[in-house]
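Working notes, structure below.
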2 protein chains.
Amino acid sequence: MKTIPLILMGCGGVGRQLIQHIVSCRSLHAKQGVLLRVVGVCDSKSVVVASDVFTRGLDDAFLTEICRVKSSGSSLSILGSKGGECQIFSNLESVKKVVDIASHLGRTTGLTFVDCSASSETIEILNQAVDLGCCIVLANKKPLTSPMEDYEKLVSHPRHIRHESTVGAGLPVITSLNRLLASGDPVHRIIGSLSGTLGYVMSEVEDGKPFSQVVTEAKCLGYTEPDPRDDLGGMDVARKALILARLLGARLNLDDIKVESLYPAEMGPDKMSLEDFLSSGLSSLDEGIDERVKVASSKGNVLRYVCVIDGSRCHVGIQELPKDSPLGRLKGSDNVLEVYSRCYSKQPLVIQGAGAGNDTTAAGVLADILDIQDLFS
Amino acid sequence: MKTIPLILMGCGGVGRQLIQHIVSCRSLHAKQGVLLRVVGVCDSKSVVVASDVFTRGLDDAFLTEICRVKSSGSSLSILGSKGGECQIFSNLESVKKVVDIASHLGRTTGLTFVDCSASSETIEILNQAVDLGCCIVLANKKPLTSPMEDYEKLVSHPRHIRHESTVGAGLPVITSLNRLLASGDPVHRIIGSLSGTLGYVMSEVEDGKPFSQVVTEAKCLGYTEPDPRDDLGGMDVARKALILARLLGARLNLDDIKVESLYPAEMGPDKMSLEDFLSSGLSSLDEGIDERVKVASSKGNVLRYVCVIDGSRCHVGIQELPKDSPLGRLKGSDNVLEVYSRCYSKQPLVIQGAGAGNDTTAAGVLADILDIQDLFS
């Protein structure tokens, strides 16, 4: 049996779903000759570590207990009383412990750090883990959108890192691009709708519904962040665009990307309360969007909020696109990516499907973990 | 530098294109720390082998010469006069030589057999190679559609085999399905248009053009096999469907699949000449197809020639599909696959793009070769 020791970082929705997938796939993975041994689980403050990381992982009952504790809103630190099976470390001590495990396991049995957090504070540990010979699997976009120097360090052993779920959740986007690049098929253009929220909003306004009404509905359906401006500002799409652009070799930073926000600066969270934005700010944007929809429609086009990567240029915002293109036909909250390369020059390679959700995001992370198994003995 | 020794089988369009890709990607792969060492190249009768397979491969000038010789229609055996750099073995002797190399390299440095032929005669060597610890990369569908017993032998070490280019050429179909399966996301339904030829034919008849005219045009455009019945019979699609069904765990053989042929048995190649089929047989099919097109159209549907894999059932033929579905919208010769699983339940995962052509097929093979690099030291 091949054993992959794991340290899981982040116990939010994706992290907890990943733990559940790992537990429920035990017999499936055993049939494939693989054992995923979770030696540690971190939240933002603490780390729970198996009592002897060299010989065993946290058992499935305990992993399930971690999910229960975290979904009830508690901190990992309350698990300390369990004793015997695990050790708890908190704050700075926890970072030291994790690095200590990495230095012991990294070069011997191998160790994989799985970052399902949404924090930019994991990058330091991840970079140390890379130095110590560990593998990295990310759902967290922040480490990959950090300054170029940190990024290059992180991906310095390309076979040791996987990050499918940073773009389009579990959709096979990164995998497919890596395959094209490995085969010497140069990708010269990517255009994609990579926000389920903005995909939904732009396809709904197309039929004449006011922008404010659509955004309010999207919020009610749970499609948006609690403050919809976190979606409407476009920074989440910009991070995904940066990850794709860097994968294609562009040496860009986040602030090199031109990002169109769907609300003006004077309605930003620092200048206007969420209540004011929802009650009056939003509706003041209706006319402008409606006009753009009509102009596009008169040319047989629709508006889509897309990222475009063209050579080493990268921008994010609203574009007019033919109604009858894969992006133009998009309805609902699916993500779509069109990839143009030598092999896909006239007609693009198109990948489409659900691009959000804890289940599919965690499934993508799990597929990444299984994909690095040949590096383990 | 990681070295992957290769034996290439098949010097048709895909095989020659692969050799050209390998040569032209030398510096790209060197940057990634990988060296592809071609130690042998086989056509149906002979094998050319590097003079010392343990220390070197055939050099790039010689590989290019192989492509030249084969594209001029000659046999590899005429390269014998080159001397020094290589050895030529023919017929049975060549099989013995290849197995001999596999037994020496398979368990020491590792060796990958790359089958770009269209022959069912490679299966015996491939199965011996598996026994000898070698890796397998296939563009050839035949070994994967052989009787279940041979198939199970071939895939007995799942991490040692890749075959992306057997379905949809370089489209990331197999890779994506393997990712879903590895993450415990059960795929319960696949529906796809996996023949560029039949995709083109079915979308053209939709606009009222007679079937016979569309097939004749497709033949002129080079979309069909020399005898279009090789496409219209559906067996090529059935082979792809079988590969997908087996990947999902179905224990089926080729003759378990219900295949709808677009021409009746009495017009088969054994009963009617190609000339007669093209001049009179084809046009006698126009009325039947036209009627089905009209019936479908009256319900807002179109006809598509698809494979459907539903649990362990698998069939291939014409289906009525909504005009406004990914398959219904298909135009031209693109392939499309819709995959339904737990994560993609209401809206499918859709993969679309060029599903034929030597360039994209060979690129898919090359990506597979790079994908197994972690098994080599």
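The values are calculated or read from the model by the stated rules, or taken from the named source; none is laboratory data. Only a predicted model underlies this, so the values are computations on that prediction, with no experimental measurement involved. Positions of Cβ are backbone-derived with ideal geometry, glycine not excepted, and every protein chain shown enters the neighbour counts. The protein model used for the area step is the full one, side chains on, heavy atoms only, and it has no ligands, DNA or RNA in it. Shrake-Rupley method; radii C 1.70, N 1.55, O 1.52, S 1.80 Å.
One table, with the values for the structure above:
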| item | result |
| --- | --- |
| Euclidean distance of C-alpha centroids, segment A:299-377 and segment B:299-357, integer Å | 19 |
| Nearest-20 debye value, the protein assembly as shown charge dipole, Cβ charges on Lys, Arg, Asp, Glu | 1280 |
| On Cα atoms only, tilt of B:13-24 relative to the major axis of chain B in degrees | 50 |
| Per-residue mean of C-beta atoms belonging to partner chains within 10 Å, peptide A:351-361 | 5 |
| Chain A: antiparallel DSSP beta bridges as a percent of all, rounded to 5 | 65 |
| Ordering of B:115-127, A:134-146, B:68-80 by burial proxy (mean other Cβ atoms within 10 Å per residue, highest first) | A:134-146, B:115-127, B:68-80 |
| Bins of 5 Å, starting at 0 and running to the largest distance - Cα pair percent for segment B:156-292 | 2, 9, 17, 19, 17, 12, 10, 8, 5, 2, 0 |
| Derived scalar couplings ³J(HN,Hα) [segment B:261-274; Karplus, 6.51 cos²θ - 1.76 cosθ + 1.60; whole Hz; x for Gly, Pro] | 8, 7, 10, x, 3, 6, 9, x, x, 7, 10, 9, 5, 4 |
| Computed helical MRE - 222 nm, chain A, DSSP H runs ≥ 4 contributing -39500 (n - 2.57), nearest 500 | -10500 deg cm²/dmol |
| Highest-MSF residue in chain A out of A:F62, A:F211, A:F113 [GNM, Cα springs under 10 Å] | A:F62 |
| Helix B:286-298 vs. chain B, principal-axis angle (Cα, 0 to 90°, nearest 10) | 70 |
| FRET efficiency, B:V23 to A:S297 (Cβ-Cβ, R0 60 Å, nearest 0.05) | 0.75 |
| Shielding of B:335-346 by partner chains, average beta-carbon count, 10 Å | 3 |
| Radius 11 Å from Cβ of B:G196, net charge of other residues (Lys, Arg +1; Asp, Glu -1) | -3 |
| Positive dipole terminus of the protein assembly as shown, leading residue within A:L370, B:V130, B:G10 (C-beta point charges) | B:V130 |
| Eligible lysines near B:K294 by straight Cα distance, threshold 27 Å, same-chain separation 8 or greater | A:K323, B:K209, B:K219, B:K258, B:K323, B:K331 |
| Contact order normalised by residue count of segment B:187-354, Cα under 8 Å, 6+ apart, percent | 37 |
| Phi to ³J(HN,Hα) by Karplus 6.51 cos²θ - 1.76 cosθ + 1.60 over segment A:154-171, Hz, x for Gly, Pro | 4, 9, 5, 10, x, 6, 9, 10, 9, 7, 3, 7, 7, 9, x, 6, x, 4 |
| Charge tally in the Cβ shell below 10 Å around B:C314, where Lys, Arg are +1 and Asp, Glu are -1, B:C314 excluded | +1 |
| A:S51/A:T108 FRET efficiency (R0 25 Å; Cβ-Cβ; nearest 0.05) | 0.85 |
| For segment B:1-35 and segment A:82-155, distance of Cα centres in Å | 35 |
| Contact order relative to length of chain B, as percent, for alpha carbon pairs under 8 angstrom and 6 or more apart | 20 |
| Other-chain or far-sequence residues with amide H under 5 Å of B:V302's (modelled H) | B:L321, B:K323 |
| Theoretical gain in end-to-end length, A:E149 to A:E85 [0.36 nm per residue, Cα-Cα removed] | 19.1 nm |
| Protection-proxy order for peptides B:258-264, B:235-241, each taking the mean of Cβ atoms within 10 Å per residue, highest first | B:235-241, B:258-264 |
| Cα-based helix-to-principal-axis angle, B:60-71 vs chain B, degrees rounded to 10 | 40 |
| Cβ neighbours within 10 Å from other chains - mean over A:320-326 | 1 |
| Largest to smallest principal axis extent of the C-alpha atoms in the protein assembly as shown, angstrom | 78, 63, 43 |
| Carbon plus sulfur fraction of accessible area for segment B:187-354, probe 1.4 Å, in percent | 49 |
| 10 Å-binned pair-distance histogram of chain A (Cα, whole percent) | 5, 23, 30, 24, 14, 5, 0, 0 |
| Residue-normalised accessible area of segment B:187-354, expressed per residue, 1.4 Å probe, Å² | 43 |
| 18 Å reach of a label modelled at A:S312, 7 Å along Cα-to-Cβ, counting backbone N of segment A:172-203 | A:186-190 |
| 5 angstrom amide H check on B:L6, placed H, neighbours 5+ away | B:R37, B:V38, B:V39, B:G40, B:T112 |
